[in-house]
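The values are calculated or read from the model by the stated rules, or taken from the named source; none is laboratory data. Keep in mind it's a predicted model, so treat the numbers as computed, not measured. Quick reminder, even Gly has a Cβ in these numbers, built from the backbone with ideal geometry, and neighbours come from all protein chains shown. We work out accessible area using only protein heavy atoms, side chains counted, and drop any ligands, DNA or RNA first. Shrake-Rupley method; radii C 1.70, N 1.55, O 1.52, S 1.80 Å.
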Amino acid sequence: MSASSEFNNSQIEVMISAEAIQARIKELGAAIARDYTGRKPELICVLKGALVFMSDLIRAIDLELSIDFIAVSSYGKGTRSTGEVRIIKDLDEPLEGRDIILVEDILDTGLTLSYLVNSFRARGATSISIVTLLNKPERRKAEVQADYIGFTIEDKFVVGYGLDAAERYRNLPYIGVVKSTD
Ligand code: 5GP
């Protein structure tokens with residue numbers, strides 16, 4: 001078997017190392033466990049990008065909790081300017097009376113999360129908070145505040161740790177930026 005990797009990541013510049021991500025997730029998990037003591041929150045992962053973050057985060061929260069998944073896409077693939085969001089895969093369980101923690105990979109324009117928060121409120125959730133691994137405040141269009149933020153970053157297109165570029169790079173253990181080839 002060849003020792004060289006077929007998956008060449010030399011074109012990725014590391015922005016946040018795997019170690020830094022893991023250390024920050026421990027802090028986020030401890031903060032959530034403290035804030036939700038005595039409650040049994042339901043963590044909802046926004047697929048696909050938040051999958052990797054979700055799986056590490058739940059193991060850092062020392063509480064009884066449950067999980068669910070939702071997948072959305074914005075109308076007009078590629079552009080997220082309209083704010084119209086379509087649910088591709090809905091939740092398995094009703095939200096009525098639940099303390100919801102929405103788990104996102106990156107808060108960018110805020111259009112996705114603002115749609116989801118409004119929709120979850122209408123479905124009768126008792127409380128809704130947001131945890132996002134990354135926050136890009138420069139591009140915000142909708143009024144959304146995350147309650148727990150891993151890292152605030154500048155306006156660059158990032159990949160890795162669940163985040164993709166045309167479905168690539170999700171399995172990198174760190175967050176990086178694709179180097180420009182020119
Ligand atoms: P928004 O906050 O704009 O509604 O959408 C957030 C979603 O846009 C994220 O969940 C993610 O799928 C995508 N997104 C925003 N910024 C980036 C980025 O820098 N890299 C990647 N891979 N996806 C991004």
Query raised in the report: With labels modelled as points extended 7 Å from the Cα through the Cβ direction, what inter-label distance (nm, one decimal) is found for residue 62 paired with residue 39?
Result: 2.0
Query raised in the report: How would you classify the range 10-161 from its alpha-carbon gyration tensor, with a ≥ b ≥ c the square roots of the eigenvalues: rounded for a/c under 1.5, else prolate if a/b is greater than b/c, otherwise oblate?
Result: oblate
Report task. State in Å² the accessible area per residue of the chain; use a 1.4 Å probe, count heavy atoms of protein chains only, and round to the nearest integer. Result -> 54
Query raised in the report: Ranked from highest to lowest mean number of other Cβ atoms within 10 Å per residue, what is the order of the peptides 163-176, 26-39, 98-111?
Result: 98-111, 163-176, 26-39
Requested in this report: Leaving ligands, DNA and RNA out of it, report the carbon-plus-sulfur percent of the accessible area of the range 94-182 at a 1.4 Å probe.
Outcome: 48
Report task. With a 10 Å radius around each residue's Cβ, average the other Cβ atoms per peptide and rank 87-95, 151-159, highest first. Result -> 151-159, 87-95
Report summary line: Here, residue 17 and residue 165, labelled 7 Å along Cα→Cβ, have an inter-label distance in nm of 2.3
Report summary line: Expected unfolding gain across residue 140-residue 155 under the 0.36 nm per residue rule, minus the alpha-carbon gap, is 4.3 nm
Query raised in the report: Angle, helix 18-35 long axis vs. longest principal axis of the chain, Cα atoms, 0 to 90°, nearest 10?
Result: 10
Report task. Averaging sequence separations of C-alpha pairs under 8 Å and six or more residues apart, then dividing by the length of the chain, give the relative contact order as a whole percent. Result -> 23
Requested in this report: Rounded to the nearest 0.05, what FRET efficiency do residue 96 and residue 27 give with R0 = 30 Å and r taken as the Cβ-Cβ distance? Could you check?
Outcome: 0.45
**Report entry** Three-way shape label, the range 99-182, alpha-carbon gyration tensor, a/c 1.5
**Finding:** prolate
